[in-house]
Amino acid sequence: MTHDHDLVLRPTPAQTAAALSPPPGRSGADLVVETLAGLGATTVFGLSGRHGPGVSDALRRSDLRYVGLRMENNAGFAADAYGRITGEAAPLLLSTGPGALTSLAALQEAAAASAPVLAISSQIPTAGLGGGRHGYLHELPDQAASFRGVVKSVHTVRAQSQIPSALAAAWKSALTAPHGPVWVEIPQDVLLAETALPVVTAPDATPDELPPRPELTALAADLLARAARPAIIAGGGVVRADAAGKLLRLAERLDAPVVTTFGGKGAFPWEHPLSLRSWLEDRHTTDFLEDADVLLVVGSGLGELSSNHHTFAPRGRVIQIEADLGKLESNHPALGIHADARPALQALLETVAERTDAAAPQRVRTLLAKVADRIAAQELTLEQDVLAAVRRALPAGAPSFWDMTILAYWAWSAFDAQAPNAMHSAQGAGGPGYGFPAALGAAVADPTRPVLAVSGAGGALYSIAELATARQYGLNVTWLIVDDGGHGILRAHMTDAFGRATATELIRPDHVALAESFGVPGVRTGPETLEADLATALATPGPSVVVLPAVLRMFAPTHLG
């Protein structure tokens with residue numbers, strides 16, 4: 001009789017021989033690199049510092065591709081985008097202290113957007129750990145404490161034998177729904193010391209599944225089938241779970257209108273008769289959703305931007321499917337189903353009865369007409385023309401990455417992503433400087449397609465140094481910079497609130513000349529030539545910059561009155 005605990009994987013003769021005579025000249029850093037390769041990583045991002053050369057040297061002996069950026073936060077944004085595009089955990093290599101801390105804003109965005117990033121930082125020597133003040137370069141009393149409130153999990157290594165298990169546990173954490181960034185720190189002396197440990201082969205780090213409880217999906221299916229006016233809010237969780245096809249089938253089975261959140265762009269076809277599109281910052285849409293007698297929320301926590309700045313007050317029954325337990329019923333009472341979107345939608349498809357509502361498409365058309373009339377009354381032709389030109393110039397399926405800029409705020413509501421996982425922005429945490437370095441990460445992930453980055457004058461200044469990265473690696477990214485003279489969205493907010501703006505105007509470089517100084521082609525365009533210039537740049541391999549001098553305005557908010 002054999003028991004489960006008696007089942008032991010026996011090493012092959014080749015594995016035994018390799019373990020008995022590991023290659024000479026290896027260090028703890030080699031264990032890091034070997035573990036990453038064994039986990040399935042192919043590319044790492046980062047910026048080497050005083051404590052990082054050991055890992056850089058180990059990379060030289062590996063098949064992993066290293067993409068070095070010019071600033072740690074930008075490297076974090078690139079890793080974030082790589083994780084979003086591939087669904088893999090993107091390794092991010094950082095140095096101790098200042099280098100590590102500089103990545104915090106990017107890791108916060110990755111956490112808010114559930115992007116899998118495996119941040120690996122060096123640490124001061126083991127003797128300095130524990131909070132004493134030893135005076136080591138880059139020393140922090142408790143480096144990990146700076147990250148615990150941002151990342152999913154923290155893993156501190158103190159010995160070389162801990163490296164493979166710590167990295168495997170972090171990898172598993174990053175890829176278990178909800179995805180997110182994780183933190184691993186390894187002391188400098190552990191990385192640099194020679195190791196006699198055998199080569200790491202294939203550590204097990206299979207992510208945990210997160211299926212729904214069947215009694216909850218059965219109740220949800222019954223509520224939806226008997227609803228008179230069901231509606232669906234599809235969030236980023238649908239995109240991350242690759243569940244757009246299941247969402248479409250469910251919406252059509254229920255004749256339920258669907259609105260996508262800003263993080264869920266592309267989760268539902270824009271031109272579908274049941275598509276409410278993404279006009280969440282609109283009172284007409286808010287009223288429509290409040291009128292639903294059963295509202296299915298999939299992969300969204302109904303946060304500030306998904307609830308018209310918390311003015312949304314549903315009157316019907318809410319069903320919320322959410323992988324992040326902390327977001328479940330955090331804003332509205334609901335039938336909370338803690339599950340990943342894909343298995344939960346599949347469970348609903350297997351149990352829900354079909355319902356027919358011939359009036360649903362007309363209700364959608366009426367709502368969209370009200371939204372269009374509201375925007376048309378504000379005489380915002382330039383803004384709509386610019387956004388339409390970008391859409392026409394961008395090839396179908398090509399990904400776009402948007403900074404915190406006025407054109408991005410328009411895109412959240414009015415841009416047709418045309419495909420799931422094709423439009424990304426920093427709306428998770430709202431930090432500036434995301435667009436261009438994130439687009440670089442996406443271009444590394446898939447070099448076969450052009451990638452668009454969109455920034456304003458202020459956000460672009462965060463990322464200028466990465467023109468060198470784009471040129472060095474020949475990355476296929478076109479950077480559209482809308483130069484409005486400064487921090488345009490802050491200018492608008494302050495003018496509305498105080499009657500004038502303060503500290504929003506900026507001295508900017510000549511972006512075209514600056515790009516060309518890096519060997520990157522640049523062109524200055526206008527609203528009438530934007531489509532042609534952008535299309536040409538996107539069709540030309542390698543990096544390019546298109547500068548549009550324009551002052552754009554936001555549409556009027558509907559949550560203030």
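The values are calculated or read from the model by the stated rules, or taken from the named source; none is laboratory data. Bear in mind that the values here come from a model prediction, so they are computed numbers and not experimental data. We place every Cβ from the backbone using ideal geometry, glycine too, and count neighbours over all the protein chains shown. Only protein heavy atoms, including side chains, enter the accessible area calculation; ligands, DNA and RNA are left aside. Shrake-Rupley method; radii C 1.70, N 1.55, O 1.52, S 1.80 Å.
Some observations on this one:
- Amide H contacts of residue 453 (H built 1.01 Å from N, under 5 Å, at least 5 apart or other chain): 401, 478, 479, 480
- At 1.567 mPa s and 4 °C, Stokes D of region 265-399 from Kirkwood alpha-carbon radius, µm² per second: 76
- The charge dipole of the chain, taken about its Cα centre with unit charges on the Cβ atoms of Lys, Arg (+1), Asp and Glu (-1) only, comes to about 80 debye.
- Accessible area per residue for the chain, computed on protein heavy atoms with a 1.4 Å probe, is 40 Å².
- Rounded FRET efficiency, nearest 0.05, which uses the C-beta distance separating residue 56 from residue 351 and R0 of 41 Å: 0.20
- Computed about the Cα centre, the dipole magnitude for region 448-561 is approximately 180 debye when only Lys and Arg (+1) and Asp and Glu (-1) carry charge, each at its Cβ.
- For the chain, averaging the sequence separation of C-alpha pairs within contact (under 8 Å, six or more residues apart) and dividing by the residue count gives a relative contact order of 13 percent.
- Between the beta carbons of residue 507 and residue 468, assuming R0 = 25 Å, the FRET efficiency works out to 0.70 to the nearest 0.05.
- Residue range of the chain that is longest and free of trypsin sites (Lys or Arg not before Pro) which are both DSSP loop and sparsely packed (at most 11 other C-beta within 10 Å): 316-499
- Theoretical ellipticity at 222 nm over the chain - DSSP helices of four or more residues, -39500 (n - 2.57) apiece, nearest 500: -11000 deg cm²/dmol
- Taking the inverse of the mean 1/r over every pair of distinct Cα atoms in region 312-362 gives a Kirkwood hydrodynamic radius of 12.9 Å.
- Phi-based couplings in Hz for region 116-126 (Karplus 6.51, -1.76, 1.60; Gly and Pro marked x): x, 10, 9, 7, 10, 10, 6, 9, 5, x, 3
- Size of region 431-559 from its Cα atoms: along the principal axes, largest to smallest, the extents are 46, 30, 28 Å.
- Restricting region 228-314 to GluC sites (Glu not before Pro) that sit in a DSSP loop and have at most 10 other Cβ atoms within 10 Å of their own Cβ leaves 271.
- Heavy-atom accessible surface of the chain: percent carbon and sulfur, 1.4 Å: 55
- Fully extending the segment from residue 496 to residue 309, taken as 0.36 nm per residue of separation minus the present Cα-Cα distance, adds 65.6 nm.
- Amide H contacts for residue 43 (H built 1.01 Å from N in the peptide plane; partners 5 or more residues away or on another chain; cut-off under 5 Å): 65.
- 3J(HN,Hα) couplings calculated from phi for region 318-325 with the Karplus curve 6.51 cos²θ - 1.76 cosθ + 1.60 (θ = phi - 60°) are, in sequence order, 9, 10, 10, 9, 8, 7, 8, 4 Hz; Gly and Pro show x.
- Global dimensions of the chain from alpha-carbon coordinates: Rg and Dmax equal 24.9, 82 Å.
- Distance cut-off 15 Å, percentage of C-alpha pairs in region 157-259 lying past it: 75
- Euclidean distance of C-alpha centroids, region 204-228 and region 382-425, integer Å: 32
- Karplus-derived HN-Hα couplings along region 360-365 (A = 6.51, B = -1.76, C = 1.60, θ = phi - 60°), whole Hz, x at Gly and Pro: 4, x, 5, 5, 5, 4
- Note on region 426-478: along the principal axes its Cα atoms extend 29, 22, 13 Å, ordered by decreasing extent.
- For residue 27, residues with placed amide H under 5 Å, excluding near neighbours: 195
- Loop-located GluC sites (Glu not before Pro) in region 166-218, at most 11 other Cβ atoms within 10 Å (DSSP): 209
- The C-alpha atoms of the chain define a longest principal axis, and helix 214-225 lies at about 20 degrees to it.
- Cut-off 17 Å (backbone N to label point 7 Å along Cα→Cβ of residue 137), residues of region 183-197: 187-193
- A straight chain from residue 272 to residue 358 at 0.36 nm per residue would run longer than the Cα-Cα distance by 29.5 nm.
- Basic side chains Lys and Arg get +1 at the Cβ, acidic Asp and Glu get -1 at the Cβ, and with that the dipole of region 258-378 about its Cα centre reaches some 260 debye.
- With the charge dipole of region 185-260 set up from +1 on Lys and Arg Cβ and -1 on Asp and Glu Cβ about the Cα centre, the Cα lying farthest toward the positive end among the listed residues 198, 227, 211 is that of 227.
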